[in-house]
Amino acid sequence: MASNRMNGARILLKALADQGVDVLFGYPGGAVLPIYDELFKQNDIRHILVRQEGGAVHAAEGYARSTGKVGVVLVTSGPGATNSVTGLTDAYMDSIPVICLTGQVPTHLIGNDAFQEADTMGITRPCTKHNYLVKDVNALAQIVQEAFYVAKNGRPGPVVIDLPKDVLMALAPYVQPPKTQHRSYRPQVKGDKALIREAVALMASAKRPVFYCGGGVINSGPTASRRLINLVRDTGFPITLTLMGLGAYPAADEQYLGMLGMHGTYEANLAMHGCDVMICVGARFDDRITGKISEFAPNAKKIHIDIDPSSINKNVEVDIGIVGDCASVLGELQKVWTETRKKPSKKDLAPWWEQIAIWRARDCLRYHQAGDVIKPQYAIERLYEATKKRKDVYITTEVGQHQMWAAQYFRFEKPNHWMTSGGLGTMGYGLPAAMGVQVAHPDALVIDIAGEASLLMNIQEMSTIAQYRLPVKAFILNNEYMGMVRQWQELLHGGRYSESYMESLPDFVKLAEAFGAVGLRAEKASDLDGVIQEMIKIDRPVLADIMVDKTENCFPMIPSGSAHNEMLLGPEDEAARPISEEGMVLV
Amino acid sequence: MSEATERKHTIAVLVDNEPGVLARVIGLFSGRGYNIESLTVASVDLADNLSRINIVTSGTPMVIEQIKAQLSRLVPVHEVKDLTLEGPSVERELALVKVKGRGEKRVESLRIADIFRAQVVDSANDSFVFEVVGSSDKLNAFIELMQPLGLIDVSRTGVVAIARGAKGIRRKK
């Protein structure tokens, strides 16, 4: 009995190992020293030392999204915990399973304004799926097990475990907790059969159907994507994906209309606007998707499949809401669809596809690359062309114009290969996320498609990347502006570019060298392919500084407050349609 | 949607009796901009360590659906029941009402208390504390009548509610 006793820190590591954790992204500090001491004594779990705690959470997000596993973060109390808040909020918005272990002052000091004390429970309550304060070392193993269950079941999300230092040092035996059903949290996985039959009947009656699918399909796992592909091909319906859903359906497929939403394709948005039956799978009718809500898909009957009951009828009232896991519900839908006798034939859907062909013919992603100046769209297309034959390419992004161009011009054929901050829109996400992806896939080609402004928000992680020799590439579309801010200022604020110009940017080539990485630069269109090739070839971290057109705007665009059929397709469209006062108030 | 009428709903929530659970519920309401008209909470099952929260809120049917779905997805929440929608229910509230006065006003307050079946739980030469139990409307009416008779203080519990009939709030025990 006595020999089985160990301190809380050791119990924690054992419990993590029991959950299959092989890597932690963390940063030490006073309150978590007992954990770091135990880490030193073992070899099961690898620790990646980040340079700021915010980077650790994004790295864990990248790790989680690219593997389907739970990402784990270890930070100290006070500032360690508060620095992780942005990443936790990001993971919460995008439903990414992350466990964040935060140190805490000893239990008897909690509430005394002790050194490096913060009310981590209070601060993280609204930005996590759940959080735990461990007050008794005997409860620790059970809480860790429960935290993993909560993080990955139902709609996934971040979970915080707050660990007072005295609990980490207290002795107790380690008992692997029995696998029991959770007391209260039991998300519904299987969809209601009657509703599924209703949904199939509605689909079978459709003349202008469209699938609208999102990150929920990816979160549900590769089976969900496979079933989605089967069902979409079987039905012959068109499909569009959200920013978070890219890769859930192969971009090369002819039934794919491209991404929808504010910077989605003309054909995807008009198909959404004109459809008579919409099948939403694992997406949440976000404002970037719907545009003006009162004019969203005005003539459509809507089916919504989501594991989170609170997503259904939140922004848009739907006709059939099915609560359940995407993979499970898609499987059932397929079964009933196969059994259904009367359903639309190719001929029945032909007029709809003809209409879509007309929209496609507008070629909304067209741009003009001419002369020396590199168009950002061209840079991404060349990057895609140079990497498309490889099977192991993972793309992360920061937030802004480059993110939208990456979503529009890089094509994803498989799930879990695209990592971006969708809901929260966190600048500085991409570099640490790429780091996490590379840790999970050491031999893969991991590229952060970045903007120069976003990249600087977590540039310190270059140091981590160098330390662990992670061959992460940052492909910087450098327009010396916060491009999306500049674009909105041009369209909405009379071209008054208030604080959106990046004065005094660093020399990214020298910056790379300072971090022990390789710096490359392309200034002319003719440099581009060479730089891309070299970047891919070098087996070390690279900052590739791609100097792009400074004033290029991201189109198509649904201006805020407008409907899907009021898209701007390019600069020629802008002047014709001034943006309403109502629209300006929206973000 | 936006034209849909707002209606008052009483929602009962069975939760783990643990620190922070009330903060989660209140944070959900404040964070998402829902109303709380009344909220009561107390431990109801010591063996299973459960508390019951009764919330009176108002909103359009879509908002009420959201509130219930949001409550249901909180990890320590066991059950969420809309007592307004799901069959008949009984609602009660208790108020302690302090009235100061002499002479005719004092007698009048006693007379009204009698009509409302309010109990006198404290009596001094120039004041009473009444305990009155009933629906929120009844309490409102009582308090309004006490206003001109020297109303000093009101303390109300908020609404507690329970469904009529044999069925309990828990699906299984």
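The values are calculated or read from the model by the stated rules, or taken from the named source; none is laboratory data. As the structure is a prediction and not an experimental result, all values here were calculated from the model. All Cβ positions, glycine included, derive from the backbone under ideal geometry; neighbour counts span all protein chains shown.
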**Asked** Is the range A:487-501 home to any residue that is out of contact with any strand residue (DSSP E or B) (no Cβ under 7 Å at 6 or more places or on another chain) and within 24 Å of A:Gly26 (Cβ to Cβ)?
**Response** no
**Fill in**
Counted residues in the range B:132-161 being surrounded by 15 or more Cβ atoms within 10 Å (Cβ to Cβ) and free of Cβ contacts under 8 Å to residues at least 40 places away in the same chain come to 4
**Asked** So which residues in the range A:137-148 are within 14 Å of chain B (Cβ to nearest Cβ), surrounded by 21 or more Cβ atoms within 10 Å (Cβ to Cβ) and out of contact with any strand residue (DSSP E or B) (no Cβ under 7 Å at 6 or more places or on another chain)?
**Response** A:Glu146
**Prompt:** Scanning for something buried (at least 18 other Cβ atoms within 10 Å of the Cβ) and either within 14 Å of chain B (Cβ to nearest Cβ) or assigned to a strand (DSSP E or B) (or both), does the range A:31-46 turn up at least one residue?
**Reply:** no
**Prompt:** Among B:Thr10, B:Thr5, which is the only one that is touching a residue at least 60 places away in the same chain (Cβ under 8 Å) and of a type in the set (Ser, Thr, Tyr)?
**Reply:** B:Thr10
**Top-ranked residue in the range B:1-19 [being over 21 Å from A:Tyr132 (Cα atoms) and either surrounded by fewer than 19 Cβ atoms within 10 Å (Cβ to Cβ) or at pLDDT below 95 (or both); ranked as farthest from the other protein chains (Cβ to nearest Cβ)]** = B:Lys8
**Request:** State all residues of the range A:201-254 that are surrounded by 17 or more Cβ atoms within 10 Å (Cβ to Cβ) and more than 24 Å from the chain's Cα centre (by Cα); if no residue qualifies, say none.
**Result:** A:Leu202, A:Met203, A:Ala204, A:Ala206, A:Arg208, A:Pro209, A:Leu231, A:Thr235, A:Gly236, A:Phe237
**Message:** Checking A:Cys554 against (1) outside any loop (DSSP other than H, G, I, E, B); (2) touching a His at 6+ places or on another chain (Cβ under 8 Å): exactly one of these is not met. Which one?
**Reply:** (1)
**Item:** All positions within the range B:85-108 that are of a type in the set (Val, Ile, Thr) and either crowded, with 18+ Cβ neighbours inside 10 Å or without any contact (Cβ under 8 Å) to a residue 40 or more places away in the chain (or both)
**Value:** B:Val97, B:Val99, B:Val107
**Prompt:** Among A:Asp136, A:Asp192, A:Asp162, which is the only one that is in contact with a helix residue (DSSP H, G or I) (Cβ under 6 Å, 6 or more places away or on another chain) and of a type outside the set (Lys, Arg)?
**Reply:** A:Asp162
**Message:** Anything in the range A:165-199 that is within 14 Å of chain B (Cβ to nearest Cβ) and under 16 Å from A:Ala141 (Cβ atoms)? List them, or say none.
**Reply:** A:His182
**Prompt:** In this structure, does A:Val134 turn out to be within 14 Å of chain B (Cβ to nearest Cβ), crowded, with 17+ Cβ neighbours inside 10 Å, in contact with a strand residue (DSSP E or B) (Cβ under 8 Å, 6 or more places away or on another chain) and within 26 Å of A:Gly282 (Cα to Cα)?
**Reply:** no
**Asked** Looking at the range B:49-72, which of the residues that are more than 14 Å from chain A (Cβ to nearest Cβ) and of a type outside the set (S, T, N, Q) is surrounded by the most Cβ atoms within 10 Å (Cβ to Cβ)?
**Response** B:Ile55
**Prompt:** Do you know which residues across the range A:94-109 are surrounded by 20 or more Cβ atoms within 10 Å (Cβ to Cβ) and aliphatic (A, V, I, L, M)?
**Reply:** A:Ile96, A:Val98, A:Ile99, A:Leu101, A:Val105
**Request:** Give the range B:73-82 a look and list any residue that's at the interface with another protein chain (Cβ under 9 Å from one of its Cβ atoms) and over 10 Å from B:Leu14 (Cα atoms), or say none.
**Result:** B:Arg73, B:Leu74, B:Val75
**Fill in**
The residue that is farthest from the other protein chains (Cβ to nearest Cβ), considering only those in the range B:25-42 that are of a type in the set (Gly, Ala, Ser) and outside any loop (DSSP other than H, G, I, E, B), is B:Ser38
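Give the number of residues within the range A:262-308 that are in a strand (DSSP E or B) and either within 24 Å of A:Asp363 (Cα to Cα) or without any contact (Cβ under 8 Å) to a residue 24 or more places away in the chain (or both). Before the answer, list the steps.
Here is the first cut: in the range A:262-308, the residues in a strand (DSSP E or B) are A:277-281, A:301-306.
Retained after the next criterion (residues that are either within 24 Å of A:Asp363 (Cα to Cα) or without any contact (Cβ under 8 Å) to a residue 24 or more places away in the chain (or both)): A:278.
Of the residues in that region, 1 qualify.
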**Message:** Consider the range A:48-86. How many of its residues are touching a Gly at 6+ places or on another chain (Cβ under 8 Å), surrounded by fewer than 24 Cβ atoms within 10 Å (Cβ to Cβ) and charged (D, E, K, R)?
**Reply:** 1
**Complete:** Every listed condition ((1) of a type in the set (Gly, Ala, Ser); (2) farther than 30 Å from A:Leu243 by Cα; (3) out of contact with any His (no Cβ under 8 Å at 6 or more places or on another chain); (4) within 13 Å of chain B (Cβ to nearest Cβ)) holds for A:Gly103 save (4)
**Request:** Determine which member of the set A:Ile532, A:Ile538 is of a type outside the set (S, T, N, Q) and within 28 Å of A:Tyr501 (Cβ to Cβ).
**Result:** A:Ile532
**Item:** All positions within the range B:25-36 that are surrounded by fewer than 17 Cβ atoms within 10 Å (Cβ to Cβ) and either farther than 27 Å from B:Arg171 by Cα or hydroxyl-bearing (Ser, Thr, Tyr) (or both)
**Value:** B:Ser30, B:Gly31, B:Arg32, B:Gly33, B:Asn35
**Message:** Exactly one condition in (1) in a helix (DSSP H, G or I); (2) at positive phi is false for B:Glu65; which is it?
**Reply:** (2)
**Asked** Among the candidates B:Leu22, B:Leu94, B:Leu85, which residue alone is in a helix (DSSP H, G or I) and either more than 14 Å from chain A (Cβ to nearest Cβ) or over 20 Å from B:Arg171 (Cα atoms) (or both)?
**Response** B:Leu22
**Request:** Test each condition in (1) in a helix (DSSP H, G or I); (2) under 25 Å from the mean Cα position of the chain (by Cα); (3) over 18 Å from A:Ala194 (Cβ atoms) for A:Glu354 and report the one that comes out false.
**Result:** (2)
**Request:** At least 3 residues that are over 30 Å from A:Gly157 (Cβ atoms) and within 27 Å of the chain's Cα centre (by Cα) in each: list the strands (runs of 3 or more DSSP E) lying fully within the range A:421-537 that qualify.
**Result:** A:473-478
**Complete:** Filtering the range A:289-317 down to residues that are out of contact with any strand residue (DSSP E or B) (no Cβ under 7 Å at 6 or more places or on another chain), more than 14 Å from chain B (Cβ to nearest Cβ) and surrounded by 19 or more Cβ atoms within 10 Å (Cβ to Cβ) yields A:Ile289, A:Gly291
